[in-house]
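Written out below as structure tokens is the structure these notes cover.
The values are calculated or read from the model by the stated rules, or taken from the named source; none is laboratory data. Please read these numbers as outputs of a predicted model, since none were measured by experiment. Reconstructed Cβ throughout: ideal geometry from the backbone, glycine too, with neighbour counts over all protein chains shown.
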Amino acid sequence: MPGLIKPNIKSRKAKSNNKQLAKLRAGRTGGDTDFRVAATDNGVDVYLYDVIGWPFIEAGDLLYQIPKGVKTIHVHINSPGGDVFEGMAIYNLLTGHKAEVIVSVDGVAASSASLIAMAGDRINMSKASFMMIHNPWAMLSGDAQELRKEADLLDKISDVFAEAYCSKSGKSKQDVLAMMQAETWFTPAEAVESGLAHEITGEVEGSDISAAFDFSIFNNTPDLIRQGAAGSRQAQAKFSTKKQGTEDEMNKKLRALLERLGLAKESTEDQAWNFLAELDLDKIEDQEDKDRLIQALIAKTEPDKPGFTRADMEAAAKKAAQDERNRAATIRDDVRVAGLDDTFARELIDKDMNADQARQAIMDKMKTTNPPMGSGRFTVGETDHEKFKVAVADGLSFRTNARAKDPAPGHETFRAASIEFIARQCLERMGVNTQGLASRDQVAREILKRSGQGGGFSTDDFTSIFMDVANKSLLRAYQEAPATWRPIVNVVSASDFKTIYGVSLSDAPELELINEHGEYKEGKLSDDQESYSIKSYGKMVYLTRVMIVNDDLRAFTRIPQMYGSAARRKESDLVWGKITGNPVMHDGVALFHADHGNLETVAGNKGVVDSDKLDAGRKSMRLQTAPNGSKLDIRPAFLAVPVAQETKADIILRSAALPTADMSSGVHNPWAGKLTPISEPRLDDVSAKAWYLIGDPSQVDTIEVAYLDGNEQPYTEEQALFERDAVGYKIRHDVGVGVMDDKGLFKNPGE
């Protein structure tokens, strides 16, 4: 759509995107792309008269056709927009060029096309033109986490668009975002007044602002455009009718076609329409017949029939055609993934098999044949690209000291493989002849150029292989990093970033005697509860062209290792930071405070850890009471000390005899095995003398650590980057930490 993003949702994202972009061109009568670059005396004229995005107009089209030394680039726009990333790339390409950029809106500059218009040093609006800005949007499917990711991405894209509009118009970001939210259409005068254009020029001969595009997907399309589009389609229908003959002749052809498809000759006209409405277009084998039927339906100008209007029939015909293309594409992808040739795919398509039937036929074929992957290609057992990726990743793990426990068959081939070798394998698996790529740099540029384009055997294999390598390095470092806080917290899962409210065990109401009538009284929890929320922490890692050329796998994997350790350190900082930071609780009192009964205030009991001071702390915890006054009898389970007191704590808690100078070695040590010692260097940063007693989190609420959707490990995902020679790997960790109750924590300040 205008403002359409390329979703990260896994299922057939490229095809879904292309179908939506193609819908914008529904009013076109031909398949050629209206994009061209023409030389002028001191520059070039660039005509963007089509949808933005593959396979129509791409940034690469401009990149390779606009000479670097030109002085003037005159961009003519008549486009409903399209893919936002291609729009952003074209905008950046034009703004980064040294030439003077003049933009002329010859028809419509909507959505991402309006962003491209903002690249002009001067922006002209023809008298019969419109400009439209709105929030990017997408048609997506997926689980909650995937949709949240896409929603965040849409917000960021909206901000990028808004900055460009603000820069050109001088308006505040708030005002621009409001106009985008409202899907605002500007006449030439309104565009000039708002600062989005500089002047109004004459009409452009031959520019039809509506004939080529379907604007029905927009919410606020001006009537002038809607009426113009309808008139254009009627004109096309009449033209189509004239080419076929009179309306009666067209209907005779339609009737003949329906009879050939099974309509009884004696059927009435109403019966014929019913037959057409119920016709399964998927069963029409002859593509020429199907195209003729679709043309006849679109060309019909008689009043709509009840229950199946012309729009319904047109939509049904288009859907059938699209379904047929999707069926063929799915079968071809599955055949290619299986390593079989396209002749077999054509055979399955001609047999009118659906996707499931085709997959079964592919499996049967693979049982009798094991075709090679092609000259110079490596096969791993069965020719399944998933097994190929696993084998490569497991082989590379031997180079990164993150060896897989049970490496996949075929991994031996890749144990010493260079990044260039792996890139060649991936290119060849997608049908690219790499014999002409003589240098590592050529291979690097080719694999990076193709990365992220989707498909079965594609360079997505390459990006996902190295995402697996980065992920293994990341998780190994994350899991091996120390986490002394783990035993003292409760770990929970959260489904979103909203505030999490705790329900403290100490606030639980007392059970009451049931009276003779069997009446149960409602137990109510306190409305005043502790709260916190999950936050996102992250960094980017890049697999660059330089790394591929230099075969620098160590540099690529070392960074995720550091970030894996950093993720664990961030968790430790958050947890221990709650303890040392002494945050204010919901009652307005600091976590450790005399009012909470969890801070040692008796001068004789303050000091570094010993048996008597432990006894005083235990007493304070066991005497804690619930809001209703009942005794909670909280028993400490952990002793947390700074490193400065680690040895002393170990001696007290692990000696059979009480380690006191004035007692004999035969005196039993009451603290032996009673507490689990935890030594944490972050405590030394605040005080080398303070120490803490902590209750068992399964019996009393202390600190809670929440992970988004229960994903306790850092998350990685990849994305090819147009603006740099690299594939980016985003490392993100979604975690939140909160103190749920003060009663399970006790502090001795040590002095």
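Descriptive notes on the structure:
- Flag for D468 being buried (at least 16 other Cβ atoms within 10 Å of the Cβ) and modelled with pLDDT under 75: no
- Scanning the range 76-90 for residues that are buried (at least 24 other Cβ atoms within 10 Å of the Cβ) and either in a strand (DSSP E or B) or among the hydroxyl-bearing types (S, T, Y) (or both) returns I77, N78, S79, G82, D83.
- All positions within the range 717-750 that are at pLDDT 90 or above and over 24 Å from D496 (Cα atoms): D742, K743, G744, L745, F746, K747, N748, P749, G750
- Whichever residue in the range 49-75 is among the small types (G, A, S) and crowded, with 19+ Cβ neighbours inside 10 Å and, among such residues, is nearest to L154 (Cα to Cα): G53
Results for (1) modelled with pLDDT under 90; (2) surrounded by 13 or more Cβ atoms within 10 Å (Cβ to Cβ); (3) in a helix (DSSP H, G or I), shown as yes or no for each residue.
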residue	(1), (2), (3)
F638	no, yes, no
T647	no, no, yes
G666	yes, no, no
I678	no, yes, no
L683	no, yes, yes
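- Residue list for the range 342-362, restricted to those being polar (S, T, N, Q) and part of a helix (DSSP H, G or I): T343, Q357, Q360
- Cross-chain or 6+ apart pairs with Cβ under 6 Å, the range 40-62 first and within 14 Å of F85 (Cα to Cα), then aliphatic (A, V, I, L, M) and assigned to a strand (DSSP E or B): I57/L48
- Test: residue in the range 97-105 that is more than 21 Å from T221 (Cα to Cα), hydrophobic (A, V, I, L, M, F, W, C) and under 25 Å from the mean Cα position of the chain (by Cα): no
- Hits in the range 474-490 (condition: surrounded by 20 or more Cβ atoms within 10 Å (Cβ to Cβ), at pLDDT below 90 and out of contact with any strand residue (DSSP E or B) (no Cβ under 7 Å at 6 or more places or on another chain)): R476, A477, Y478
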